[in-house]
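What follows is a short report on a single structure.
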Amino acid sequence: MVRNGEIGLAEAKRTVRRYWWILPLSTVFLGGIGLGATFVLPKRFTSQTMVLVEQPTVGPDYVKPVVTEDLNHRLASMKEQILSRTRLQPIIEKFGLYAEARGRVHIEDLVERLRTAVEIKPLEPTPGTQSRQLPGFYVDVTFDNPQIAQQICTEITSMFLEQDARERKQQANETTSFLSKQLEEAKKNLDDQDAKFAQFKRQYLGSLPEEEQSNLNILTGMNAQLDANTQALSRAHQDKAFNESLLGQQEANWKASQTGQDPETAEQQLSAFEDQLTSLQARYTPEYPDVIKLKRQIEELKKRMAEASKNNPAANGSTQAAATEPPQIHQLRARLRQDDMNIADLTKRQGQIQDAIRLLQRRVQASPMIEQQLKELTRNYQTAQDFYKDLLKKRQNAGLAGDLESQQQ
């Protein structure tokens, strides 16, 4: 009996004893419906393949991978390509799928049926791992024939693996090809910069910044040489003037003795020789050849004067006429020719030294400008060289990555 809206235990037992037949009847009825459905509804079988993504066996610090695209994006791209008509229609023809509907259903609809039967599901990362990369994916194929479902699943899985290998190899080849072209251009640019650098050094040889100090030292030495040459040239002109004066006196004395005139007595000639000796001693040392020779002439003149006074007192003070030109005159003329040659050589040497000094001065003055140009060329060459080395390293890495991809397939 129900009191206050509550069912008692006795009432519940009475209800169960009265309607006990409902539970077994429902079980039998529902079981029958389920059994009938198994005979009426089409059979569906699912074949599943799990594809795991193998991580590189060599660390990225040693060989950088060529393919760096996120696996989710790559999986979506490959799924779109593999589930396209051009890829699924050959599977339909290969396994003879939907034979009963080919004559009355368009091929696009059959491809859509197969596309619906294939499901690609990403594999969830393992709990506790820090990597966010997709560890793999599932390939599920649902079909009314278990063998056909398994064959289609195997075929789809193979297509994914082949597509992945083909794309990775293609990307590696394209990367290597692109880097090779860039490397050729970089090599050409590096060779051009190297040629410019070498041409610049040849053009400004002697004016380069590292030669500036050497040029300054050479310029100091050349200035000292110019001073010494100038002094030597001045002395050569003085010697020539002295020898010309001495030659003039000697010729005058000799001509006077030839004509019988006596414009100059022996005492006057001795006095002139002594004056010349005093002048030479003021400029040269006693060992100087002209000083020694003039002393010898003075001694010889004194001896002649002494002999003349003994042999012919009436002719004292006059010089004996000579039939030929005296040797002293020949010697003086030879000395003048030597003076002319010395002066010519010293003048030529002075011009050469002055030309060298002007060249060194121009080099020193142009050194800052050349240094600036050299810095720019060096910077351009270094940039081209670094770029070439970087491309060479990348191409080698791309080749290693491609070889590694081939070994891991």
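Listed values, structure above:
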| item | result |
| --- | --- |
| Test result for Glu174, over 31 Å from the mean Cα position of the chain (by Cα), assigned to a helix (DSSP H, G or I) and not hydrophobic (A, V, I, L, M, F, W, C) | no |
| Pairs where the first residue, in the range 160-182, is among the basic types (Lys, Arg) and the second is surrounded by 14 or more Cβ atoms within 10 Å (Cβ to Cβ), C-beta under 6 Å, 6+ apart | Arg168/Val67; Arg168/Glu405 |
| Failed condition for Ala37, given (1) modelled with pLDDT of 85 or more; (2) assigned to a helix (DSSP H, G or I); (3) not hydroxyl-bearing (Ser, Thr, Tyr) | (1) |
| Any chance Asp140 is outside the structural domain of Ala344 (by TED's automatic domain parsing) and either in a helix (DSSP H, G or I) or charged (D, E, K, R) (or both) | yes |
| Residue within the range 144-152 that is among the acidic types (Asp, Glu), farther than 17 Å from Ile82 by Cβ and assigned to a loop (DSSP other than H, G, I, E, B) present | yes |
| Test result for Glu244, touching a residue at least 12 places away in the same chain (Cβ under 8 Å), out of contact with any strand residue (DSSP E or B) (no Cβ under 9 Å at 6 or more places or on another chain) and not assigned by TED's automatic domain parsing to the domain that holds Arg335 | no |
| Residue in the range 378-391 that is in contact with a Ser or Thr (Cβ under 9 Å, 6 or more places away or on another chain), in a helix (DSSP H, G or I) and of a type outside the set (A, V, I, L, M, F, W, C) present | no |
| Test result for Glu54, among the acidic types (Asp, Glu), part of a loop (DSSP other than H, G, I, E, B) and at pLDDT 65 or above | yes |
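The values are calculated or read from the model by the stated rules, or taken from the named source; none is laboratory data. What you see is a predicted model; the values in this text were computed from it and never measured. With ideal geometry, Cβ positions are generated from the backbone for all residues, glycine too; neighbour counts draw on all protein chains shown.
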